[in-house]
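The values are calculated or read from the model by the stated rules, or taken from the named source; none is laboratory data. Here the structure is a predicted model, which is why all the values come from computation and not from measurement. Note that each Cβ is placed from the backbone with ideal geometry, even for glycine, and that neighbours are counted across all protein chains shown. Side chains included, ligands, DNA and RNA excluded: accessible areas come from the protein's heavy atoms. Shrake-Rupley method; radii C 1.70, N 1.55, O 1.52, S 1.80 Å.
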Amino acid sequence: MASLSESEGTNRGRMWELDQNLDQPMDEEASRLKNMYREKKFSSVLLLRLAFQSLGVVFGDLGTSPLYVFYNAFPHGVDDDEDVIGALSLIIYTLTLIPLLKYVFVVLRANDNGQGGTFALYSLLCRHAKISTIPNQHKTDEDLTTYSRQTYEENSVAAKIKRWLEAHAYKRNCLLILVLIGTCTAIGDGILTPAISVLSASGGIKVQNPNTSTDVVVIVAVIILIGLFSMQHYGTDKVGWLFAPIVLLWFILIGSVGALNIHKYNSSVLKAYNPVYIYRYFQRRNSDSWASLGGIMLSITGTEALFADLCHFPVLAIQIAFTLIVFPCLLLAYTGQAAYIISHKDHVADAFYRSIPDSIYWPAFVIATAAAIVASQATISATYSIIKQALALGCFPRVKIVHTSKKFLGQIYIPDINWVLLILCIAVTAGFKNQSQIGNAYGTAVVIVMLVTTFLMVPIMLLVWKSHWILVVTFFVLSLMVEIPYFSACLLKIDQGGWVPLVIATVFFIIMYVWHFCTVKRYEFEMHSKVSMAWILGLGPSLGLVRVPGIGFVYTELASGVPHIFSHFITNLPAIHSVVVFVCVKYLPVYTVPIDERFLVRRIGPKNFHIFRCVARYGYKDLHKKDEDFEKMLFNCILSFLRLESMMEGYSDSDEFSVPEQRTEGSISNAFLIEKTNNNNTMCSNGELSYSSQDSIVPVQSPLIRESSLLRYSSQASHTVSDELEFLNRCRDAGVVHILGNTIVLARRDSGIIKKVAVNYMYAFMRKICRENSVIFNVPHESLLNVGQIYYI
C-alpha cells in the first residue's frame with residue numbers, strides 16, 4: 001500500500017508538473033497580449049513630442065478658421081463697434097464651450113482605442129449592447145484582446161438603457177440612421193473644407209493686387225485643389241513630418257499678429273471677454289444677430305475633425321496642444337482681427353490679410369496657403385477613414401482601398417472617392433466663387449455632425465462610462481443650448497448655399513442605407529435558408545457525390561451553419577472536392593483584430609467528411625489587402641488546428657480524465673487559440689493557444705496514471721494526425737478552387753415601387769460597379785468558380 005501510495009503520489013506529481021508547465025507561460029502570454037492594447041503610459045518628453053505632432057494632424061482645420069469667420073458673420077459690412085465686440089464675445093465663449101470643454105475634455109475620452117468619429121462611437125455601443133443590425137457576432141469574439149465591454153448590475157440605469165435599446169428593431173434602426181446622418185454630413189465636410197480653406201487662402205492674392213479678378217483667385221484655388229487631390233495616392237507618410245511645423249508656424253503667426261493688432265489698433269476689444277456683450281449683441285441686432293450666428297459658427301469648424309482625426313495620439317497630448325497653443329493663439333487671432341475691424345470697418349471682407357503688416361505679407365500668404373493645404377489633407381484623410389469604417393460595417397459599397405503607409409494602420413487612399421471629392425470640390429469652388437455661400441454650406445454640415453455626436457454621447461456616457469444621469473443631462477442640455485441656436489441660424493441660410501451639404505449628405509445617405517438594407521436582407525435570407533447539419537450527415541462521407549482530389553474554399557457570409565450556396569452547388573454538380581472549407585470573412589465592432597487572433601477554425605461533421613469552417617475576423621481599421629496570401633494563411637491555420645485537435649483529444653476523450661465546468665484562461669506563445677465546443681469540435685486562431693478549463697488536465701477517476709498509456713495514445717494520435725496532414729497536403733497539390741456565390745438580389749413582385757427601385761436598380765447598379773469579392777480576397781482568376789443564385793427580398 002505504501003508503495004502504491006508513493007507511486008500514485010509520483011504520478012500525480014508528474015501530472016501536476018505538466019499542468020503547471022502549461023499554465024505558466026499561458027498567463028504570461030495572455031498578460032502580454034492584454035497590455036499591448038491598453039493605453040500606454042508616456043513620459044513627459046514623449047507626451048510633449050506627441051502634442052507637437054498632433055498639431056499637424058488634428059488642429060489644421062480649426063486653426064484656419066480665422067481666414068473667413070468675420071467676413072461670413074458680417075457679409076454686408078459693420079456699422080457699429082458694439083456689433084464687433086458682441087460677435088467676438090460669441091466667438092470666445094463658443095470656442096470655450098464646444099472645442100475646449102465638450103470635445104477636448106469630454107468627447108475625446110469616448111474614443112475607441114484611439115479611433116474617433118461617429119462610427120467609432122457606434123462600434124462602442126455595438127459592443128456594449130446588441131444593437132448591430134447584422135447579427136453575425138459570436139461569443140468567441142468577446143474574448144479578443146481589443147474587445148472591451150462593461151458589465152452591469154441588473155437594476156442599474158445602464159442595464160435598463162441597454163434593455164430598452166435591444167427591445168425593438170426600430171430603435172436599432174433609428175440609431176443606425178442617426179449614425180449614417182452624421183457620417184454622410186462628415187463626408188460633406190471633406191468636400192467643403194478644402195474648398196473654403198484653399199479659396200480663402202488664395203484670396204490673399206487679390207488683397208495686394210486689387211485689380212486681380214475673382215476668376216483668377218478661383219483658378220488658383222482650383223489648381224491647388226487639383227494638385228492636392230492628385231498627390232493623395234502617395235500618402236502623407238513621406239511629407240507628414242512637415243505638417244506639424246507648418247501648423248505650429250501658422251499658430252505662432254496668427255497669435256503674434258493678433259497681439260500686435262490689439263496693441264496697435266484698439267485694446268478696448270478685450271472687454272468682449274465679458275459675456276454680457278453677448279446679451280447686448282442680440283438685443284441690438286435682433287434678427288440680424290441671429291442670422292450672423294451662421295458665420296460665427298465657422299469659428300469652431302474643424303472641431304468634429306479634431307475627434308475624427310484622433311488617430312493614435314493619446315488624449316492627454318491633444319489636451320496639452322489645445323490648451324497651451326491652439327486655444328490661446330485662436331483667441332489672440334480673433335481678438336486682433338476684431339480690433340483691426342473696429343478701426344477699419346470697410347475692410348471686414350479681407351480683415352485677416354489686411355491686418356498683416358506689409359513687411360511679412362507674402363511669407364504670411366505662403367504659410368496661410370500651406371496651412372490651408374494641411375487642413376484640407378487632414379479632412380480628406382478623415383473622409384477616407386470614415387468610408388473605410390462604413391464599408392467594414394456593411395454600410396458602403398466595396399471600393400478599392402490602398403494602404404499608403406507600412407508604419408501607420410490608418411493611412412489609406414480610396415481612388416474612387418478621391419476623384420469624386422475632387423470633382424465636387426471644384427464644382428463648389430467654381431460654382432459659388434465666394435466664401436460667403438461656401439461658408440453657409442460649411443456651417444450647416446458642421447453643426448449637424450456636432451448634434452449627432454451630442455445624441456450619441458448620451459448612451460455612451462450611460463452604457464460605457466456608467467456616468468450618473470445628472471451629469472449626462474447636464475452635458476446634453478449645455479451642448480444643445482449652444483448647438484441648437486447655431487443649427488437654427490444655419491437653416492435660415494439654406495437658400496444661400498446651406499442646401500449644398502444637405503444634398504451631398506442625402507445622396508450619400510441613400511447610397512449607404514440602400515446598400516446596408518440589401519446587405520442585411522441578404523444575410524437574413526442566408527440565415528433562414530441555411531442547410532441543416534442532419535442533411536449533410538445523411539449524405540455520408542462522400543456527400544452523395546464523387547470526392548475528387550483537391551481543396552474547395554466555399555466563401556459565405558455565415559459564421560455558423562452550412563450555407564445555402566453549398567446545397568445549390570452539390571445538387572447541380574456531380575463532384576465535390578476531397579476537402580471542403582467554408583470561409584467566412586466578417587468585420588467586428590472593434591478597430592482592429594490582432595493578426596494572431598484573426599482566424600478561427602472548426603471541424604464540421606465527422607473526421608472522414610473532411611469539412612472545416614474558417615472564420616477570418618477583421619476590425620473596421622484592418623485591411624484585407626494586407627493578407628497578401630490569404631489562401632496560404634487559411635491552409636496553414638487548418639494544419640495547425642489539426643495538430644492541436646489531436647493533442648487536445650487525448651485529454652478530453654480519455655477515460656481517465658474528466659472535464660470540469662468552470663473556465664480558466666491562459667496562453668502558450670507560438671501556438672493557436674482553441675476553444676472546445678459542445679460537439680467536441682475545436683476552434684483555432686493563428687497565434688496563441690488559450691485553454692478553457694474544459695481543456696484543462698485534471699485527474700479524477702484513476703488513482704494511478706501510467707506513463708505507458710500516455711505514450712501509447714500519443715503514438716496513435718501522432719500517427720492519425722500525420723495521415724490527415726499528409727492527405728491535406730496531397731489535396732493542396734492536386735489543386736485549390738475558390739467557390740464564391742454570385743448572388744442576384746431582387747425585390748419581390750408584391751413589393752412597393754420605392755423598394756423595387758432601390759433593390760432592382762440602385763443596389764444592382766452599385767453591385768455592378770463595386771469590387772468583386774474575388775478581388776478583395778486576392779483569389780486567382782484561374783482558381784475561381786462562381787455559383788449563381790437569385791435572392792428575392
message: I need the full set of residues from the range 358-375 which are touching a Gly at 6+ places or on another chain (Cβ under 8 Å) and crowded, with 23+ Cβ neighbours inside 10 Å, in order please.
response: Ala368, Ala371, Val374, Ala375
- request: Determine, yes or no, whether Leu253 is open to solvent by 30 Å² or more (accessible area, probe 1.4 Å) and modelled with pLDDT of 90 or more.
  value: no
- line: Reported set for the range 527-554 where residues are open to solvent by less than 20 Å² (accessible area, probe 1.4 Å) and at pLDDT 80 or above is Gly550, Ile551, Gly552, Phe553, Val554
task: Could you please give the count of residues in the range 45-87 that are surrounded by 23 or more Cβ atoms within 10 Å (Cβ to Cβ), outside any helix (DSSP H, G or I) and of a type outside the set (Val, Ile, Thr)?
output: 2
- prompt: Among the residues of the range 341-357, which ones are open to solvent by 10 Å² or more (accessible area, probe 1.4 Å), closer than 19 Å to His263 by Cβ and either touching a Pro at 6+ places or on another chain (Cβ under 9 Å) or assigned to a helix (DSSP H, G or I) (or both)?
  reply: Ile342, Ser343, His347, Phe352, Arg354
- line: Every listed condition ((1) surrounded by fewer than 20 Cβ atoms within 10 Å (Cβ to Cβ); (2) β-branched (Val, Ile, Thr); (3) modelled with pLDDT of 90 or more) holds for Ile494 save (3)
message: Just to be sure I understand the filter: pairs with C-beta atoms under 8 Å, separated by 6 or more residues or on different chains, first member in the range 256-279 and closer than 21 Å to Ile356 by Cβ, second member open to solvent by 70 Å² or more (accessible area, probe 1.4 Å). Which pairs pass?
response: Ile262/Leu270
query: Checking His610 against (1) surrounded by fewer than 20 Cβ atoms within 10 Å (Cβ to Cβ); (2) more than 35 Å from the chain's Cα centre (by Cα); (3) at pLDDT 80 or above, which test does it fail?
result: (1)
message: Conditions first: (1) open to solvent by 30 Å² or more (accessible area, probe 1.4 Å); (2) of a type outside the set (Phe, Trp, Tyr); (3) free of Cβ contacts under 8 Å to residues at least 60 places away in the same chain. Val472 passes all but one, so which condition is the exception?
response: (1)
query: Here is a list of conditions, (1) more than 28 Å from the chain's Cα centre (by Cα); (2) surrounded by fewer than 19 Cβ atoms within 10 Å (Cβ to Cβ), and Thr429 meets all of them except one; can you say which number that is?
result: (2)
task: Starting from the range 148-175, take each residue that is in a helix (DSSP H, G or I) and list its partners that are open to solvent by 70 Å² or more (accessible area, probe 1.4 Å), counting only C-beta distances under 7 angstrom and pairs at least six apart or across chains.
output: Val157/Trp469; Ala158/Lys466; Ala159/Glu153; Glu166/Lys130
- prompt: From Val477, Val472, Val420, which residue is at pLDDT 90 or above, over 30 Å from Pro275 (Cβ atoms) and either assigned to a helix (DSSP H, G or I) or in the same structural domain as Thr183 (by the TED database) (or both)?
  reply: Val420
